[in-house]
Amino acid sequence: MKREAGVSLVELLVSLAIGGVLIFGAMKAYVDSRRAYAVDETIVRMQETARYALSVMEPDLRMANYWGLLKGAESIAGQANPGDVESVPGGNAAKTCGKNFAMDLASSIEGTNDTYAAACEAKNGHPMPHADTITIRRASTARSNASARAGPLRICSTRTTGVLVASLSDSATCAAASATPSIAQINDLVVHLYYVGQDSDQRTGVPSLRRKVLNAKPDFDDVEIVANVEDMQIQYGVDTSGGVGPRSGAATRYLDAGPTLSALLNSTSSPAQIVSVRLWLLIRADTPEVGFTDTRVYEYGNRRAAHGKTGDLASGTSPNLPAYQPSLSTDDRLTSPKRYRRLLVSRTFQVRNALGT
């Protein structure tokens, strides 16, 4: 009989070594692909969060200073500013977020820089330190239900006059708008205060973009727009031409909310007007990532590396805030801020009604 030879020990060891290398390579490729997929999914979700937040804010910013058929808020009766006697028809809406907060139609766009200064409390009393706020006042783009005599604060307008009321029975202009909608109309008053809170509706400690919304009582509700927004910075584009000349309607300067902006807007000789709003949102991943450290330096708004760098969004002094570098955080836990991926988005919105409707 012929001699039958099997696999030698050396051949077996070589085969095992080659097989081990192939299996290791396949496992590494699988693990790397899973990690890459997870990172891609995180980035896509952050992009989705950013798109949604901007899509909610965009209509408000573009339509600020819209008052139905009337051009500008100056001729609207019934409005009140913080220096006036508290408006009785305004009810809680005239005091919850500050004196005559909802009734201050002349301030169609206003904000705070690096602070939350509204009288109405932020979610759980925890606004995000150093995040900006912005308040938009305008008329709704859809006509109000004229058959409901009482309800939300409403603006009745014609081409020459307007009035802010809590009940349609309080004004002849409102009666005309109900009877002849072709020459007059009724719109709900829209007041939205946007801010960043440290807590979302789902989980305490998860930052979220939120807004105070004028309701039909009238009062203000606190509504979450989307979670995982860590910071919001805003600058206002102002037109200093006075509405005259080739640069009319174009922003010549971008400024933070504060004394300089207020002085330009309230100038008695040639008041400026806000014609655009530049917005930055810092979006955070939903969950921390093991083995990841965010080493990027985020410069936006008035956060600049020239003012230093910080690993804590709450640190720094307004208005010269340091740039944000999460890797500088002294927190080494798995849930440390440095373990989250981030996306910084920016958008500039034109205010369509800056020069009136």
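List of remarks:
- Simple spin-label estimate for Ala36 and His307 in nanometres, 7 Å along Cα-Cβ: 4.0 nm
- Rounded FRET efficiency, nearest 0.05, which uses the C-beta distance separating Cys120 from Thr240 and R0 of 30 Å: 0.35
- If you run the Gaussian network model on the chain, springs between alpha carbon atoms under 10 Å, then out of Ala257, Ala142, Ala122 the most flexible one is Ala142.
- The lysines whose alpha-carbon is closer than 16 Å to the alpha-carbon of Lys123, local same-chain residues fewer than 8 away aside, are Lys212.
- If R0 is taken as 30 Å, the Cβ-Cβ distance between Thr330 and Ser262 corresponds to a FRET efficiency of 0.20.
- Using C-alpha pairs below 8 Å separated by at least 6 residues, the relative contact order for the chain is 16 percent.
- Sites listed here are trypsin sites (Lys or Arg not before Pro) in the stretch 182-253 whose DSSP assignment is loop and whose Cβ has at most 12 other Cβ atoms within 10 Å: Arg203, Arg247.
- A Gaussian network model of the chain, with springs between Cα atoms under 10 Å, assigns the largest mean-square fluctuation among Gly316, Gly111, Gly205 to Gly205.
- For the stretch 53-59, Karplus couplings with θ = phi - 60° (6.51, -1.76, 1.60), whole Hz, Gly/Pro x: 4, 5, 5, 6, 7, 4, x
- In nm, spacing of pseudo-spin labels at Arg347 and Glu289 (7 Å Cα→C-beta vector): 2.4 nm
- For Val88 and Ala172, the FRET efficiency from 1/(1 + (r/R0)^6), where r spans their Cβ atoms and R0 equals 22 Å, is about 0.70.
- Taking a straight line from the alpha carbon of Lys217, these aspartates and glutamates sit under 13 Å away, with near neighbours fewer than eight places off in the same chain left out: Asp188.
- Which of Ala117, Thr133, Ile76, positive extreme of dipole for the stretch 7-143 (C-beta unit charges): Ile76
- Dipole in debye (nearest 20) - the chain, about Cα centre, beta carbon charges: Lys, Arg +1; Asp, Glu -1: 700 debye
- For the stretch 85-208, with +1 on Lys and Arg beta carbons and -1 on Asp and Glu, the positive-most of Asn100, Ser182, His192 along the dipole: Ser182
- Eligible aspartates and glutamates near Lys338 by straight Cα distance, threshold 14 Å, same-chain separation 8 or greater: Glu230, Asp286, Glu289, Asp294, Asp312
No value in this document is a laboratory result; all are computed from the given coordinates. The shown structure was predicted, so the numbers you read here are calculated from the model rather than taken from an experiment. Ideal geometry is used to build each Cβ from the backbone, glycine not excepted, and the neighbour counts take in all protein chains shown.
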